[in-house]
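What follows is one structure encoded as C-alpha cells, with my remarks underneath.
Bear in mind that the values in this text are calculations on the coordinates, not laboratory data. Owing to the predicted nature of the structure, the values given are computational and were not obtained by experimental measurement. Heads up, the Cβs are rebuilt from the backbone with ideal geometry, glycines too, and the neighbour counts pull from every protein chain shown.
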Protein chains: 2
Amino acid sequence: MRTVTQAGPLRAAIKGWRNRGLTVGFVPTMGYLHEGHLSLIRRSRAEHDRTVVSIFVNPTQFGPREDLSTYPRDLDRDLALLTRQKTDLLYLPDAGDVYPEGHSTSVSVRGVTESLCGPSRPGHFDGVALVVLKLLNRIAPDTLYLGLKDYQQYRTLERMVRDLDVPVRVVGCPTVREKDGLAMSSRNIRLDAAQRRQAPALRLALLRGRDLVRSGVLSAARLSSEMSRAFRRSAPGGRVEYFEAVGAERLERVVRLSPEEPVCLAGAVRFGRTRLIDNEIVPARRR
Amino acid sequence: MRTVTQAGPLRAAIKGWRNRGLTVGFVPTMGYLHEGHLSLIRRSRAEHDRTVVSIFVNPTQFGPREDLSTYPRDLDRDLALLTRQKTDLLYLPDAGDVYPEGHSTSVSVRGVTESLCGPSRPGHFDGVALVVLKLLNRIAPDTLYLGLKDYQQYRTLERMVRDLDVPVRVVGCPTVREKDGLAMSSRNIRLDAAQRRQAPALRLALLRGRDLVRSGVLSAARLSSEMSRAFRRSAPGGRVEYFEAVGAERLERVVRLSPEEPVCLAGAVRFGRTRLIDNEIVPARRR
C-alpha cells in the first residue's frame with residue numbers, strides 16, 4: 001500500500017490510474033479503523049479497480065467543546081489493517097495541507113442537518129461537507145462509500161453531492177455491529193466495562209421504536225418518549241441526548257410521520273464523556 | 001455551434017471530447033454578450049481545443065430588490081455572436097435544471113467578499129460562488145475565464161477554487177472598454193443619452209485615485225473621498241455607492257495601504273436605476 005500526505009502526489013497517482021482507464025472507489029475515515037470501515041473498503045474493492053482510503057481527523061467538524069484532541073488514534077494498527085485489506089492508496093494529509101492559511105470558504109447544507117444531531121453539534125455537518133467536498137475534488141473517485149451508522153452524515157453528503165453536481169456516486173453501507181448489537185464506532189473504546197455492558201441499550205431502544213412503527217404508531221412525540229424510556233430502563237448509567245423519529249429522506253421533523261415514507265429512528269446518548277449514536281430505518285413496505 | 005440545455009447531454013458531449021484527449025476552456029456568462037465576453041472566448045479558443053460558454057441569468061446572485069427580471073436579454077443576438085466566435089458548445093440551462101426542488105446547499109466565501117460590493121449586495125457572492133461551482137462540476141473544464149471588470153467576483157472565485165480544491169485553472173482577462181473609457185457591461189444599454197455621457201466619470205475617478213496612489217497617497221479614506229469628489233464633479237447625474245481602496249489580493253479594508261502590495265481601487269455608482277462598477281489595479285512596482 002502506498003501512503004501519500006500531499007495533494008500533488010495524490011493527484012498524480014490517481015491521474016496515472018485514470019490514464020490506464022482504471023476506476024476508483026473512495027472511503028473517507030478519521031482512522032482508528034474497525035470492521036465497519038473495513039466493510040466499506042471491501043465493497044469498494046469489489047466494485048473498483050483501485051481503492052483510496054483517507055485518514056484525517058478533520059478539525060472543522062468538531063465543536064469547541066468536543067473531543068478533537070482526544071479522538072482515538074492508532075496509525076500503526078490502521079496501516080496494518082489497510083495493508084491486509086489490500087487498500088491501494090492511503091491519503092494521510094495534515095491539517096495545514098487541507099486548510100492552509102487564508103482558507104475562507106465554507107459549505108452549508110440545510111434541511112437534513114436541522115434535526116437529530118444538528119442542534120447539539122452546530123457547525124458539525126458544515127465541517128463534514130467541506131472536508132468531503134475537498135477530498136472528492138482532490139481524489140475525483142467514481143464512488144464515495146459511507147457508513148449508514150452516521151445516517152444524517154450520509155444524507156447530508158448525498159444532498160451536497162446532488163446540489164453541487166459533484167460527479168460521484170454515493171453509496172451507503174450497512175452498519176456493522178458487535179454481537180450484542182452495539183454499532184461499531186471508534187469511540188466505543190472509551191467506554192469502561194460497566195458502560196460497555198449498558199451501551200447496547202441504544203440499539204434496543206431503537207428496536208423498540210421500530211416495533212411501535214410497525215404496529216402503526218406514527219406520532220413522533222410518542223416514539224421519542226417510548227425510545228427514551230426504553231433506553232433509560234436498560235441503561236441507568238447513560239444520558240439521553242435525543243431520540244427522534246423523522247422522515248428517512250429529508251430528516252424533517254413532523255408531528256405525525258407519513259405511513260407512505262420510510263422512517264428514520266435515531267438516538268444519541270452519552271456514557272460519561274463518550275457520545276454514541278445509532279439509527280434504524282423502517283421501510284414503508286414493511287409496515 | 002451546438003446548444004444543450006440539460007446536464008446529461010452536456011456531460012456526454014464533454015466526455016466525448018475528453019476521450020479524444022481534447023482540452024476544454026469555459027466562459028460563464030449571463031448573456032447579452034459584449035466585446036468583453038468575446039475577448040474571453042477568443043482567449044479560451046487560443047488556449048484550448050474546445051470552448052464551452054454558458055448563458056444563465058443566475059437568480060441566486062440577485063437580491064430581492066435587484067434587477068433579475070429586467071436584466072437585459074437578447075438570445076438571438078447572443079447565438080449569432082457565439083457562432084461567429086466559433087464557440088463549440090453553448091450551455092443554456094433553465095433555472096429548474098440548475099436548482100431543482102429541494103436544493104439546500106450553499107457556499108460562502110468570507111474575507112474577499114466583505115468590502116466593496118459585499119455590504120450593498122448581501123448574498124450576491126455566495127450566489128455567484130454556488131452557480132460557478134455547479135457549472136465547474138458539470139463541465140469540468142481545464143480553465144475558467146473571468147473578466148477582471150468584476151474584480152471582486154474574480155478574487156472570490158479564485159479563492160473558492162483554491163479553498164475547495166477544484167481542479168481548474170482560473171484566468172482573469174483585462175477589462176474591455178468603450179472609446180471614452182467606460183467599461184463594457186450588459187447594463188450599459190440601460191443608460192439614457194445624458195447618463196451615458198456622464199458614465200465615463202467612474203473610470204476618470206479611478207484614474208484620479210491611481211495618480212494619487214502613484215504619487216504616494218496610501219490613506220484609504222483620502223483615496224475614497226478624492227475619488228468620490230472626482231466622480232461627482234464630472235457626473236452630477238450619478239450617485240456614489242462607494243469608492244474604496246483596498247489591498248488587491250485579499251480586498252481587506254485597511255486604514256493605510258501597504259506600499260509593497262498592489263492596490264485595488266474600485267467604485268460602484270448609480271445612474272437612475274442602473275448600477276455600474278469598475279476598478280483599477282495599481283501594481284506595487286509602478287509606484
Using a 10 Å cut-off on Cβ atoms, rank the peptides B:78-89, B:267-278 from the highest mean neighbour count down. B:267-278, B:78-89
Charge dipole magnitude, Cβ of K and R +1, D and E -1 - segment B:1-54, Cα centre, debye nearest 20: 240
Tell me the distances, shortest first, between A:Arg222 and the same position across the other copies, using label points 7 Å along Cα→Cβ, in nm to one decimal. 7.7
Report, as a whole number in µm² per second, the diffusion coefficient that Stokes-Einstein gives for the protein assembly as shown at 4 °C and 1.567 mPa s using the Kirkwood radius over alpha carbon pairs. 49
Let me check the size of segment A:235-287 from its C-alpha atoms; what are the radius of gyration and Dmax in Å? 13.0, 38
Which chain B residue comes nearest the axis with its C-beta when you rotate B onto A, and by how many angstrom? B:Val107, 3
What is the local net charge at B:His48, summed over the other residues whose Cβ is closer than 15 Å to its Cβ (Lys, Arg +1; Asp, Glu -1)? +4
Tell me, what is the FRET efficiency for B:Ala193 and B:Ile281 to the nearest 0.05, using R0 = 22 angstrom and their Cβ-Cβ distance as r? 0.10
Assume the label is 7 Å from Cα along Cα to beta carbon: what separations in nm does A:Leu22 have to the matching positions in the other copies? 2.9
Chain A shape via C-alpha gyration tensor axes, a/c threshold 1.5: prolate
If the label point sits 7 Å along Cα→Cβ of B:Arg270, residues of segment B:92-136 with amide N under 11 Å come out as none
quick shape note, segment B:1-95: Cα extents on principal axes in Å, largest first -> 46, 28, 20
Suppose you put the label 7 Å out from Cα in the Cβ direction; list, shortest first and in nm with one decimal, how far A:Gly8 is from each other copy's label. 4.3
Mind checking the mean number of beta-carbon atoms from other chains within 10 Å of the Cβ atoms in A:95-107? 5
Inverse of <1/r> over all distinct C-alpha pairs of segment B:186-279, i.e. the Kirkwood Rh in Å, gives 13.4
With labels modelled as points extended 7 Å from the Cα through the Cβ direction, what inter-label distance (nm, one decimal) is found for A:Ser69 paired with A:Ala221? 4.3
In whole Å, largest first, what are the principal axis extents of the Cα atoms in segment A:2-173? 44, 35, 34
Residue pairs, from the table A:Lys134/B:Lys134; A:Lys134/B:Lys149; A:Lys134/B:Lys86; A:Lys86/B:Lys15; A:Lys149/B:Lys15; A:Lys134/A:Lys179, whose Cα atoms sit over 25 Å apart: A:Lys134/B:Lys149; A:Lys134/B:Lys86; A:Lys86/B:Lys15; A:Lys149/B:Lys15; A:Lys134/A:Lys179
